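Contents: one structure, followed by commentary.
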Amino acid sequence: MRRNIVPTAVMVGVLAFQTGPRLAPAQGPPQPALSPPTEGEARVRGMRQAERQPVSRTTPVPTEPRDRNGLGPAKPDEADRPLPINLATALRLADARPLIIEAARAAVETEFGLYQQARVLWLPSINLGVDYQRHDGGQQNVLTGQTILGSRNQFLAGGGAQAVFALTDAIYAPLAERQLLQARNSDIQTAKNDALLSVAVAYFDVQQSRGILAGAQDSVVKARDLARRVGSLGRGLAPAIEVERVRAALTDLEQQAASFRQDWRFSSAALTRVLRLDPAALVIPLEPPHLQVTLISPKETVDALIPVSLTNRPELTSQQAVVQATLTRLRQERMRPLIPSLILQSNAAPDELLGAGAFGTGIKSLNHWSGRSDWDAQMVWQFKNLGFGNRGLVTQRRGEQRQALVELFRVQDLVASEVTQAHAQVEAAAVRVGRAEAGLKAAVASYEGNLKGLSETVRAGELLQLVNRPQEVVAALQQVQQAYINYYTSSNDYNRAQFRLFRALGYAAQSLACGDSLGPVMPVDSSRPPQMAPVHAPEPCQDCPH
């Protein structure tokens, strides 16, 4: 029996100390059937209720790194234009502002117009106007076949009607268009889910680059202190080549810091592009860069998750509606030869546009006036090309139906693959976060131990030697820098994988964007340069299902 899996958001802030980071579990009201949280991991349990409705969530408070010896987030330069924002606000804006959602809404409007046209196929078109004819010379008498010579004027002012349609189109076309309209409405939810993922990925890209920059800046500070210490050692303890080694390490770290600041600005520009905010602003997330967000427990099995995705994904709902539309059109072509077409036409003018009105005629002038009304009504069964054309149309619609069905199977396979891949990313990232945390602790401890040995000496015979050589401290410092990169990369890889899995399972983006599970929504400056097109998006969460 398949279990129901409901996403619950848990955020964990990480405290960074000089001796390495330590994970602090999020504080919230106790929940039943939850195992005690372990270090380095946010746990989610009890996801066994309704499949589409999220359970009640706690509002976690991220723990800011406020220890006086801790590593704080990187700061913007003086020339930067800071744009403070938190994750909850970014996801709230993702519900309405991205262009992908506007494109989906425009597609719905287009399809609704086609549906409106299909519903009124049986209504006639009305024509209003005037018609004037002038004839000079001969014409044939239709009764005797003789030629008649003369002139004639003819004038008609009035209106007419035309209704030429197949009853099969009037019956089946609205059904098919309604199913396609349902597909386009499902595409809006798909666009919202994709937009939420795009914003989340861009947001954690900003967090990752900002955290790595902070680590690089800390490594630069350590490298400058190391250069000062090595430079103050006597030549007998530290040859000149060792001083140059430290200086080379320092310049390399400074270059890395400049590159990581560039990465911060790049990722910030990507986030402001998706959210359509000021592209010149530098996004400053209010959460610490080592924040961890758990939506789906890493311990959930793939076998339990795949059925959820096949039930929830709006892409499958959309394609199923397309398949139903192709079936309707197939029935339409099969019934076409059996159901007649109706023809109603006005016939008072040569072009058959006017059928009734004030009629005037005469030889030299319009001196004879009267009313006039001419109409044709027909019921016709049509066999296109002796019926072979109808058979070709049926074959065409059958092929379209098979194509839509194959596309549905392709989407099913894609959905299952995305769930499997995202789950693998979540599992791997959860392990990597724990190992990266331990690695950072060990790297910092190694550096501090090697740095301490740089100030201690031992005597070997007549020589006085350092306990640790400068090159050993440089190697330890490089390990610290790499440990920072591993730690912030793995933490944000975990967050990105969580949102990929959330989207792969087909949960509505509004359950996160319109809720309070990720914290309160804050005011944000949404202005853009006057040279750019203004954003006319609706207010977020107007169609929130909660």
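Points worth noting:
- Residues of the range 216-229 that are surrounded by 22 or more Cβ atoms within 10 Å (Cβ to Cβ), under 20 Å from Pro288 (Cβ atoms) and either over 42 Å from the mean Cα position of the chain (by Cα) or polar (S, T, N, Q) (or both): Ser219 alone.
- When the range 295-311 is filtered for residues that are crowded, with 19+ Cβ neighbours inside 10 Å and not β-branched (Val, Ile, Thr), the ones remaining, listed by number, are Leu295, Ser297, Pro298, Glu300, Leu305, Ser309.
- Members of the range 498-544 found to be part of a loop (DSSP other than H, G, I, E, B) and under 23 Å from Glu300 (Cβ atoms), listed by number: Leu505, Gly506, Tyr507, Ala508, Ala509, Gly515, Ser517, Leu518
- Of all residues in the range 178-198, those satisfying the criterion of being among the hydrophobic types (A, V, I, L, M, F, W, C) and within 8 Å of the chain's Cα centre (by Cα) are Ala191, Ala195, Leu196, Leu197.
- Checking each residue in the range 155-192 for being buried (at least 19 other Cβ atoms within 10 Å of the Cβ) and not in a helix (DSSP H, G or I) picks out Leu156, Gly158, Gly160, Ala166.
- Exactly one residue out of Gly145, Gly137 is more than 29 Å from Ser341 (Cβ to Cβ) and part of a strand (DSSP E or B), and it is Gly137.
- The range 261-294 - residue that is among the acidic types (Asp, Glu) and surrounded by fewer than 19 Cβ atoms within 10 Å (Cβ to Cβ) and, of those, nearest to Ala223 (Cα to Cα): Asp263
- Leu213 being part of a helix (DSSP H, G or I), surrounded by 20 or more Cβ atoms within 10 Å (Cβ to Cβ) and modelled with pLDDT of 95 or more: yes
- Among the residues here, Ser267 qualifies as modelled with pLDDT of 95 or more, of a type outside the set (Phe, Trp, Tyr), in contact with a helix residue (DSSP H, G or I) (Cβ under 7 Å, 6 or more places away or on another chain) and assigned to a helix (DSSP H, G or I).
- Looking at Ser309, Ser346, Ser341, just one residue is modelled with pLDDT under 90 and under 30 Å from Gln182 (Cα atoms), and that residue is Ser341.
- Hey, Ala258 surrounded by 19 or more Cβ atoms within 10 Å (Cβ to Cβ) and not in a loop (DSSP other than H, G, I, E, B) or not: no
- Hits in the range 67-120 - residues which are without any contact (Cβ under 8 Å) to a residue 24 or more places away in the chain and in a loop (DSSP other than H, G, I, E, B): Arg68, Lys75, Glu78, Ala79, Val120
- One residue stands out among those in the range 363-374 that are in contact with a strand residue (DSSP E or B) (Cβ under 6 Å, 6 or more places away or on another chain) and under 25 Å from Gln345 (Cβ atoms): the one that is surrounded by the fewest Cβ atoms within 10 Å (Cβ to Cβ), which is Ser370.
- Index of the failed condition, Gly236 passing every other in (1) over 17 Å from Lys452 (Cβ atoms); (2) at pLDDT 90 or above: (2)
- Of all the criteria given as (1) in contact (Cβ under 8 Å) with a residue 40 or more places away in the chain; (2) polar (S, T, N, Q); (3) surrounded by fewer than 19 Cβ atoms within 10 Å (Cβ to Cβ), the one not satisfied by Thr144 is (1).
- First in the range 354-372 and basic (Lys, Arg), second anywhere and outside any strand (DSSP E or B), Cβ under 8 Å, 6 or more apart: Arg372/Ala348
- Here the range 77-99 is the region considered, the condition is being surrounded by fewer than 18 Cβ atoms within 10 Å (Cβ to Cβ) and not acidic (Asp, Glu), and the residue that is nearest to Leu518 (Cα to Cα) is Pro84.
- Qualifying residue in the range 123-134 (condition: free of Cβ contacts under 8 Å to residues at least 60 places away in the same chain, touching a Pro at 6+ places or on another chain (Cβ under 6 Å) and within 26 Å of Ile339 (Cβ to Cβ)): no
- Each residue in the range 414-442 was checked for being within 27 Å of Leu501 (Cβ to Cβ), surrounded by fewer than 18 Cβ atoms within 10 Å (Cβ to Cβ) and more than 20 Å from the chain's Cα centre (by Cα), and 7 of them qualify.
- Failed item, numbered, when Val406 is tested on (1) crowded, with 17+ Cβ neighbours inside 10 Å; (2) under 27 Å from the mean Cα position of the chain (by Cα); (3) not charged (D, E, K, R): (1)
The values are calculated or read from the model by the stated rules, or taken from the named source; none is laboratory data. Note that the structure is a prediction, hence the values are computed from the model and not measured. Cβ: placed from backbone, ideal geometry, glycine included. Neighbour counts: every protein chain shown.
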